[in-house]
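See below for the structure under consideration.
Please treat every number below as a calculation from the coordinates, not as lab data. Computed from a predicted model, the values in this text were never measured in an experiment. All Cβ positions, even for glycine, are placed from backbone atoms using ideal geometry, and neighbour counts span all protein chains on display.
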Amino acid sequence: MKLLDMVNFLFSKNAGPFAVTYDVLFKDREAYDLACRSGVFTKGSLAKFLRLPEERFISVREFEAAWVIKFTVRREVSSGDFADASVFGAQYWPPLIDLEIPD
């Protein structure tokens with residue numbers, strides 16, 4: 001199942017000038033539980049999917065009370081740097097649309 005079909009909201013935002021946080025807000029408890037059990041939301045799995053070095057992943061956290069998974073990644077360049085692709089970190093989430101969550 002595609003992650004997009006399981007969530008109400010996907011977004012990314014700056015977590016300071018040197019990191020970006022991704023928030024995945026699930027539609028319901030069933031979708032959240034499936035994602036948590038899937039093994040997809042680990043540093044290694046996310047690094048492979050996003051084609052980033054695993055060392056850049058700071059944390060992956062599950063928040064059961066809100067059906068949210070958050071993960072934070074160190075930026076390659078700081079926010080606002082000439083080479084920065086998204087000064088507010090708001091344009092990094094779209095690849096998550098295609099993330100497959102096994103049933």
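With a cut-off of 13 Å, note down the residues of region 1-16 whose backbone N falls inside the zone around a label point 7 Å from the Cα of Glu76 toward its beta carbon.
none
Which whole-Hz ³J(HN,Hα) couplings does region 22-37 yield from phi under the Karplus relation 6.51 cos²θ - 1.76 cosθ + 1.60, θ = phi - 60°, glycine and proline marked x?
The phi angles translate into 9, 10, 10, 9, 7, 5, 7, 4, 4, 5, 4, 4, 4, 5, 5, 6 Hz.
State the label only: which of [x] 13.8; [y] 14.4; [z] 14.9 corresponds to Kirkwood radius over Cα pairs in Å computed from the shown model?
Calculated Kirkwood radius over Cα pairs in Å: the matching label is [x].
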